[in-house]
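Peer 1: What follows is a single structure, and I will ask about it in a moment.
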Amino acid sequence: MKYQIKVNSAEETYDFAKKIAPELDGQTVLMNGNLGAGKTTFVKAVAEYYKCDEASSPTFTLMQHYKGNTNIFHFDLYRLKNIIELEQIGFFETIEDDGIKFVEWADLLNVKDTLEKYVEINIKHLGDNAREISVFEHYDTDF
Ligand SMILES: Nc1ncnc2c1ncn2[C@@H]1O[C@H](COP(=O)(O)OP(=O)(O)O)[C@@H](O)[C@H]1O
Ligand SMILES: [Mg+2]
């Protein structure tokens, strides 16, 4: 899985997220991009595709679980200080589960260093409503 696309509205982000949603099932998806880039918007679109209950920003709960045609676990690491805190909220058990594990602000704690397999989604704010979305599946065979 590898995509790079420029979108010009939140609706286009929604459309793209729904298009690739079938490929994300089972994956741990590390999401990076500044505040307001559209990370949560992307997760909401995927949750809608899987007919999950309402997705919202998990900043104040650290993890949310949406149930539908798949399970979606939605983490936001913005307020976490270190990997130990991540361990304490059950992250490493949860990513072994089926379903999609979305991780906003994954780069803040270098989560990718702890994973053998993940999908990385980077959203770059290009100005106004324009964004560049890159999706890259990573599989570390030397892990
Ligand atoms: N192309 C776009 N893609 C995603 N969101 C967009 C886009 N253009 C404008 N927006 C708006 O930007 C905001 C993104 O917020 P959010 O998804 O919460 O970002 P993040 O989770 O990265 O902080 C929303 O208000 C959304 O409507
Ligand atoms: Mg967010």
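Every read-out reported here was derived from the displayed coordinates using simple, explicitly stated rules and does not represent laboratory data. Just so it is clear, the structure is predicted and the values come from calculations on it, not from any experiment. All Cβ positions, glycine included, derive from the backbone under ideal geometry; neighbour counts span all protein chains shown.
Peer 1: Quick one: ASP113, ASP15, fewest Cβ neighbours within 10 Å first, how do they rank?
Peer 2: So the residues, fewest neighbours to most, are ASP113, ASP15.
Peer 1: Taking θ = phi - 60°, what integer Hz values does the Karplus form 6.51 cos²θ - 1.76 cosθ + 1.60 yield along the stretch 30-43, in sequence order, with x for Gly and Pro?
Peer 2: For the stretch 30-43, the Karplus curve yields 8, 10, 10, x, 4, 4, x, 5, x, 4, 5, 4, 4, 4 Hz.
Peer 1: Over 18 Å between Cα atoms, which of LYS6/LYS101; LYS2/LYS44; LYS67/LYS101; LYS44/LYS101; LYS19/LYS44; LYS19/LYS112 qualify?
Peer 2: Among LYS6/LYS101; LYS2/LYS44; LYS67/LYS101; LYS44/LYS101; LYS19/LYS44; LYS19/LYS112, the Cα-Cα distance tops 18 Å for LYS6/LYS101; LYS2/LYS44; LYS19/LYS112.
Peer 1: For the chain, what does -39500 (n - 2.57) per DSSP helix run (n ≥ 4), summed and divided by total residues, give at 222 nm, in deg cm²/dmol to the nearest 500?
Peer 2: So the helix-based figure for the chain works out to -7000 deg cm²/dmol.
Peer 1: Right, next: Once you keep just the Cα pairs under 8 angstrom separated by 6 or more residues, what percentage relative contact order results for the stretch 1-91?
Peer 2: Relative CO of the stretch 1-91 lands at 19 percent.
Peer 1: Would you please classify the overall shape of the chain from the alpha carbon gyration tensor, given that a ≥ b ≥ c denote the square roots of the eigenvalues, rounded means a/c under 1.5, and beyond that prolate means a/b larger than b/c while oblate covers the rest?
Peer 2: rounded
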